[in-house]
Every structure is written in C-alpha cells, then in structure tokens.
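Accompanying notes for the structure given below.
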Amino acid sequence: MKEAKLFKQDVAIQAILYVLQKMGGTCDIHRCNKILYFADNEHLSKYGRSITGDAYVRMDFGPVPTCIYDLFKAVRGDSYFASQVDDVREGYFHFLNKKDITATALPDMSYLSESDVEMLDKYIEQLKDKDFSTITEASHGYAWSHTAQNSVISVRDRLTEMGDSDEYIRYIEEQLRAEEAVA
C-alpha cells in the first residue's frame, strides 16, 4: 500500500478518539474507517483539505485509510511494527477483539477544527446504526468502482463522486502536489 505523504497522525488519532467517544467508547474498525472516509471526502470537497490526510485504498469491503489501517494493525499486534506503537496502544486506544476498538483517552479537541467535527458528526450520525453490509454498499460508489483492487483511490475520483467540477478538482490536486513537495 502507498503511504500518504500528507498523513496527519496526531489529527487522525484525535479523530479516531472523537469517533469512539461519540459511539459510546467503542466502535468496529470497519465503521470507523468508513466514517473517516466519508468525512475526509466531504471535508476535502467543501473546505479544500482532508481531515486526516490519509490515502484510501480500494478493498473488498470498501475504501480503507492506509496509514490508519497500518496503525490499527500495529495496535492490534498484527504488524511487524507492533512494538513501536506502545504509546498509541496504552495512551489512546486498544482492541477488545480483532474488530472492535475502544478508547483509553478522550480526544484532544485542540487538534480538530469546527469543520472537522462537523463532518465527523455528520457521518457518525449517518452510519452509527447501519449494519456492515449497508455501510459497505454505501462506500462502493464512483471512486471505489473506478479503482483497481488494492490500489489507492485518486483524489480526482473521490471529488468527482462528491460532485465537484473539473476545475475545482484540478485546483485541489495542484494544492496537494504543492503540499507534498514541501512535506
């Protein structure tokens, strides 16, 4: 999987903690990943930046955030790097089983903007009571269907799915390239 150059780990961890808090302290990683995917997409479309900066890969059950998923695997102990994330495991969250994650801290809201919270709240509300297959089906939109299996979903396809114009998409792509050049 391609690593996202613009990944904001501290913000992503706080966004995960926020989702967990709003979901009563525990959430399955599938639902959490999809909340982040939809929130990131709409935030990018509406405000010109992603919340987490993560790249999303097309997987069988929908888009998966690459860096966040690697972090989840490490916290769960399913990764070569598991021993290097003790601070995340002990300080923020841990897995109850292979799919359910629980918070061990409250989110530090200084990392999340009002617009971040707006988008996260919107998709927490939309997906909190949906079952696995409904969430999966909802994430199999234009961007997912126009991407090869295990490949990164392009920002262009994500924004096209959001209904953005070619001109706006080119502008966002240019902005992201400029950010990557200095990252």
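The values are calculated or read from the model by the stated rules, or taken from the named source; none is laboratory data. Since the structure is predicted, the reported quantities are computational estimates derived from the model, not experimental observations. Quick reminder, even Gly has a Cβ in these numbers, built from the backbone with ideal geometry, and neighbours come from all protein chains shown. Ligands, DNA and RNA are stripped out before the accessible areas are found, and what is left, the full protein with its side chains, is counted by its heavy atoms. Shrake-Rupley method; radii C 1.70, N 1.55, O 1.52, S 1.80 Å.
The magnitude of the dipole of the chain, with charges of +1 and -1 set on the Cβ of Lys/Arg and Asp/Glu and taken from the Cα centre, is near 380 debye. Relative protection proxy for 27-34, 46-53, from highest mean packing down: 27-34, 46-53 (other beta-carbon atoms within 10 angstrom).
Once the Cα atoms of helix 66-76 and of the chain are each reduced to a long axis, what angle between those two axes, in degrees from 0 to 90 to the nearest 10, is obtained? Tilt relative to the chain: about 10 degrees. Annotation: lysines with alpha-carbon distance below 20 angstrom to Lys122 (same-chain offsets under eight excluded): Lys22, Lys34, Lys46, Lys130. Roughly how tilted is helix 29-47, in degrees to the nearest 10 and between 0 and 90, from the longest Cα axis of the chain? Compared with the principal axis, the helix lies near 40 degrees.
Counted by Cβ distance under 12 Å from Trp144, the other residues give a net charge of -1, where Lys and Arg count +1 and Asp and Glu count -1. Quick one: with all protein chains in place, what share of the accessible area of the chain is carbon or sulfur, to the nearest percent (1.4 Å probe)? Ligands and nucleic acids excluded, carbon and sulfur give 49 percent.
Using a 1.4 angstrom probe on the protein heavy atoms only, could you order His140, His43 from most to least accessible area? Working shown, then result.
Numbers: His140 60, His43 0 Å².
Largest accessible area first, the list is His140, His43.
Can you give the angle from 0 to 90° between the axis of helix 166-182 and the longest principal axis of the chain, with both taken from C-alpha atoms, to the nearest 10? Rounded to the nearest ten degrees, it is 50. Near Gly62, once Lys and Arg are set to +1 and Asp and Glu to -1 for all other residues with Cβ below 9 Å from its Cβ, the sum equals 0. Rank Glu167, Glu118, Glu42 by mean-square fluctuation in a GNM of the chain with C-alpha springs under 10 angstrom and give only the top-ranked residue. Looking only at Glu167, Glu118, Glu42, the biggest GNM fluctuation is shown by Glu167.
Classify region 1-73 from the C-alpha gyration tensor, please: rounded if a/c falls under 1.5, else prolate or oblate depending on whether a/b exceeds b/c.
Numbers: a/c = 1.40, a/b = 1.15, b/c = 1.22.
Rounded is the answer for region 1-73, as its axis ratio a/c remains below 1.5.
Spin-label model, Asp121/Asp108: points 7 Å from Cα along the beta carbon direction are separated by 2.3 nm.
Accessible area per residue for the chain, computed on protein heavy atoms with a 1.4 Å probe, is 50 Å². Of the residues Leu71, Leu96, Leu159, the one that moves most in a GNM of the chain with alpha-carbon contacts below 10 Å is Leu96. Under the criterion of Cα pairs below 8 Å and six or more residues apart, the relative contact order for region 36-183 equals 27 percent.
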